[in-house]
Amino acid sequence: ATAVAPAASTANAANDLTSEKRGKSILRAAMLSDKEREQLHLEIYDYFQWLESELTQLESTHDGRRTTANAGLVVSGLRNVVARMEGTFRVIRERDDVEKEASETGSGAPFLEEVLGSALRQRYRRLQPTKRSGHSRAALDFEDMFARLLAFRQEFGHVNVSRKYKKDPQLGIWVSNLKCKKKEYDKAMKENSASTRPRKSSALLDQDKIQRLEAIGFNFETRDVNVIPWEARLESLKEYHQQNGTFRVPRRHGSLGEWVHKQRQLYNKRDEKFMEKRYPKLEAIGFEFTTNRTDLKTWDHRFEELVAFHRVNGHFDVPCPPSAGECDENDPEMEQYRLHKWVNRQRAEYRAYASGQNTRLSDD
């Protein structure tokens, strides 16, 4: 009985509402009277005020600013909305302070979120696309991509699709992933044969699909046709040195810059194969395996840079350049990246200092 009572009272309230005589409305197709709509405008205003306040508080931290940016929210835009509403609706300008205080008490969430939450969740679920099962989706993807691979073969006479195939980038990535999945499949088959309890193999490939691919000339061992041999890269590096007088090829210079960066990475790791076969050839032409930096800056120098940054930007959150991971030592963005890392280190040092741990920070 107690469970039925709320539903019955809600139904009675709805009937009372529909039977109640509506007030006048300036809008012909409106469902609300003018007075009811004014109350709605107040609730919308309260909602945007609440949202602006919450986001302003969120943006007081670096992580919060990143969160709002990722969500595509602009707090200044919300402030404009609030100001526009105050200038547009008289009911907001003439609002009683007592009424405003009453509306701000409660659970903390605005009235619109409380009353519309359930209905909006149901609406959202109805609008979501129906998900297919993983198995049927994988099968559909394979058949679709296999047909596109056949079309590629019809046009070019082979199935060696480059991973960076511009006409159909998805096909290039799919072909590249097939080769990885084939290795997973072979590994799973070996484990299955060595175990009394078979393990599931790759969901993307099975023996039938492998045979169909091989039947049209697909070679799972074939490397990307755009891969340039190491020796050819070495010759390109020599030519670059003749033209520029240095082996310091910036990463933004294209594939040669990436290749040079990779050689230095292998050297720093002391990769066994690299050190045995390729290191001697690079050393023979005078290649610089380390980019010795003579511009290491003191703490005071970095502090002055941070002060200058604050003077221009009004805050101390030095951003990490988007291409920091691709910057060469000589790239201008690398200097900003170093200042970004220095600021992060100072914050970590301060947290250690505040907790009583040993740190390089001093009182001054």
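The values are calculated or read from the model by the stated rules, or taken from the named source; none is laboratory data. Predicted, not measured: the structure shown is a model, and the values here were computed from it. Don't worry about glycine lacking a Cβ; one is built from the backbone with ideal geometry, like all the others, and counts go over all protein chains shown. For the accessible areas, the whole protein counts, side chains as well, though only heavy atoms, and no ligand, DNA or RNA atoms are used. Shrake-Rupley method; radii C 1.70, N 1.55, O 1.52, S 1.80 Å.
Observations on the structure shown:
- When each of the peptides 50-60, 110-120 is scored by how many other beta carbons lie within 10 Å of its residues on average, the order from highest to lowest is 50-60, 110-120.
- A straight Cα-to-Cα reach below 16 Å connects K277 with the lysines K262, K269, residues fewer than 8 places away in its own chain not being considered.
- Segment R153-Q357, extension gain: residue separation times 0.36 nm, minus the distance between their alpha carbons: 66.9 nm
- Computed accessible area, E272, all protein chains, 1.4 angstrom probe, square angstrom: 150 Å²
- Unsatisfied cross-links (Cα-Cα over 26 Å) in the set K166/K281; K167/K209; K181/K341: K166/K281; K181/K341
- Order of exposure, largest accessible area first, which applies to F142, F309, F303 with probe 1.4 Å: F303, F309, F142
- Amide hydrogen neighbours beyond the local backbone of S25, cut-off 5 Å, H modeled: D34
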